[in-house]
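Report on one structure; see the data block that follows.
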Amino acid sequence: MLKAKVLLVGPREAGKSVLANFVSESIEGIGSYVPTQGVRILEYEKPNLNGNSKGAACRLELWDCSGDQKFETCWPALMKDSHGVIIIFNPDMPSHLKEIEMWYSCFVQQQPLLDSQCLLVAHHKPGSAEDTENLSLAHPLNKLKLIHSNLEEDPEDVRMEFMKYFRSIINIINENREKEEMSIIS
């Protein structure tokens, strides 16, 4: 079975755990805000995510990483063998726009991952003023795929965007595996 490790990172109180629970269909931790200590790993299987004719299931590991920088010494261990990074931020908090540059630098550029292995999520909390038009991101963040997440208004659109992203990660894993197999053969 194919396994994909995806990190969910970003500033504190951005909604990483809420999105991790939603995407993995977990009901854990619904309710008041409780900061993640270090990392929380959610594993689940997704059938037919592979995109190939076999229709094999994939095991997704969502690593819900704390937004507290006091855990920075753990980051290299968290990044090891990851296939993708989802950077989640609250667009209503101006400090988050600056902070996500650091998360991108640490978790994407230092691995190094391709920009296609990164997803940027502007997570709108319930009751927030959703201004999706005027979100100006600094370079190189403006090159990344950006989705807006509002679980109150369009939960299925959010789920569909995450599944597209996971499918692209699985395709990259498959391509890399095929290249590796071909290099062994030749």
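The values are calculated or read from the model by the stated rules, or taken from the named source; none is laboratory data. If you're wondering where the values come from, they're calculated on a predicted model, not measured in any experiment. As a convention, Cβ positions derive from the backbone with ideal geometry for all residues, glycine included, and neighbour counts pool all protein chains shown. All accessible areas refer to the heavy atoms of the entire protein, side chains included, with ligands and DNA or RNA removed. Shrake-Rupley method; radii C 1.70, N 1.55, O 1.52, S 1.80 Å.
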So M160, is it closer than 20 Å to F22 by Cα, free of Cβ contacts under 8 Å to residues at least 24 places away in the same chain and either in a helix (DSSP H, G or I) or of a type in the set (F, W, Y) (or both): yes
Quick one: would you say D81 is open to solvent by 60 Å² or more (accessible area, probe 1.4 Å) and outside any helix (DSSP H, G or I)? yes
Just wondering, is there one or more residues in segment 144-157 that are within 28 Å of F71 (Cα to Cα), open to solvent by less than 70 Å² (accessible area, probe 1.4 Å) and among the basic types (K, R)? no
Six or more apart or on different chains, Cβ under 6 Å: which pairs go from a residue in segment 77-99 that's closer than 25 Å to E175 by Cα to one that's open to solvent by less than 10 Å² (accessible area, probe 1.4 Å) and assigned to a loop (DSSP other than H, G, I, E, B)? Could you list them? I87/G10
Residues (closer than 15 Å to F162 by Cβ and free of Cβ contacts under 8 Å to residues at least 60 places away in the same chain) located in segment 1-17: S17
What tally of residues in segment 84-105 results from selecting those that are open to solvent by 20 Å² or more (accessible area, probe 1.4 Å) and not hydroxyl-bearing (S, T, Y)? 9
Which condition number does K80 fail, the rest of (1) modelled with pLDDT of 90 or more; (2) touching a helix residue (DSSP H, G or I) at 6+ places or on another chain (Cβ under 9 Å) being met? (2)
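Only one of S128, S105, S95 is assigned to a helix (DSSP H, G or I), farther than 14 Å from V6 by Cβ and more than 18 Å from the chain's Cα centre (by Cα); which?
After applying the criteria, what remains is S95.
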Would you be able to say whether some residue in segment 176-183 is assigned to a helix (DSSP H, G or I) and under 21 Å from R12 (Cα atoms)? no
